[in-house]
Amino acid sequence: MVIYSMVYYLILTAIPFAIVSAFFIHWFTISEEPNPKQRLEISRGIYLGFSFQVLVFAWLLFQIGHARFAFPLYAIAFSMLGDWFNLQFPLAKKYMKDPVLGGIFSFAVAQVFFILSFRQLISWNELYTGIQPYLITAVLLVLPAVIFYFRVYNPERSKSVMASAFVYGLILCFFVSLCINAYLLYGGVWMYLTIGALFFLLSDAVMGETTINGTRHPKWEFQVPWITYLIAQCFLLVGFFLVSHTRMLAH
């Protein structure tokens, strides 16, 4: 039992630490390149490699977990597809005028799978008791919509991209509200899901203000969204695994 606990601990900590640390090392190696587009050209394959590492991490947790962990695995798989679109590989640009649209759609599907994963762990009736959970969800749906209007929306960009980004933001914020509500209700290991969801929101907020808006291109345009995204995925995977395991033992 002690050996199994040590193996779980190493898998849940060492792999995410290695992924995130490797990204920081990569970031340091391109620090002298000021052009964000050139940075993307240099890093495109590397970033897809990081995405694949997270997918392998999800698959590993699925193997040592149980059937409940299938949906997070699907979510990570669709996230990797979204990464492929967002990294704008030549093949994606060949068949799509704006590959970002494919990325938004893929990540929307990923968020739906995250919500389905969450739903397997806790029922709506269990989560939404009293007025507080409803208020938190309402705030997290309204506030990002306001921010989207002032910081992301660009009338000169494709209407389909803008509309899709807005809908995706609502799906993501709904998932974030679920994680926050669950943590406020139970605390403990639900914290991992909350941290992961908030990092995901931060990652997409930065990408929305830069890449999706299309008029702001800071030096770190792709690096900040990517590091926060990798942290988010690692926390979410660890969170789903721990909460799943804890709930299974409780029942």
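Cβ-Cβ contacts under 9 Å between residues 6 or more apart (or on different chains), taken from a first residue in the stretch 24-48 that is within 11 Å of Q223 (Cα to Cα) to a second residue that is of a type in the set (V, I, T) and not in a helix (DSSP H, G or I), are listed as R39/I30; S43/I30.
Scanning the stretch 103-137 for residues that are open to solvent by less than 20 Å² (accessible area, probe 1.4 Å) and among the polar types (S, T, N, Q) yields S106, Q111, S117, T137. Within the set F150, F174, the sole residue that is open to solvent by 30 Å² or more (accessible area, probe 1.4 Å), assigned to a helix (DSSP H, G or I) and within 25 Å of F240 (Cα to Cα) turns out to be F174. From the list V243, V167, the lone residue that is surrounded by fewer than 22 Cβ atoms within 10 Å (Cβ to Cβ) and either assigned to a helix (DSSP H, G or I) or out of contact with any Lys or Arg (no Cβ under 6 Å at 6 or more places or on another chain) (or both) is V167. When S43 is tested against (1) open to solvent by 30 Å² or more (accessible area, probe 1.4 Å); (2) at pLDDT 90 or above, only condition (1) is not met.
The values are calculated or read from the model by the stated rules, or taken from the named source; none is laboratory data. Computed from a predicted structure; not experimentally measured. With ideal geometry, Cβ positions are generated from the backbone for all residues, glycine too; neighbour counts draw on all protein chains shown. Protein only, heavy atoms only, side chains kept; ligands, DNA and RNA dropped before computing areas. Shrake-Rupley method; radii C 1.70, N 1.55, O 1.52, S 1.80 Å.
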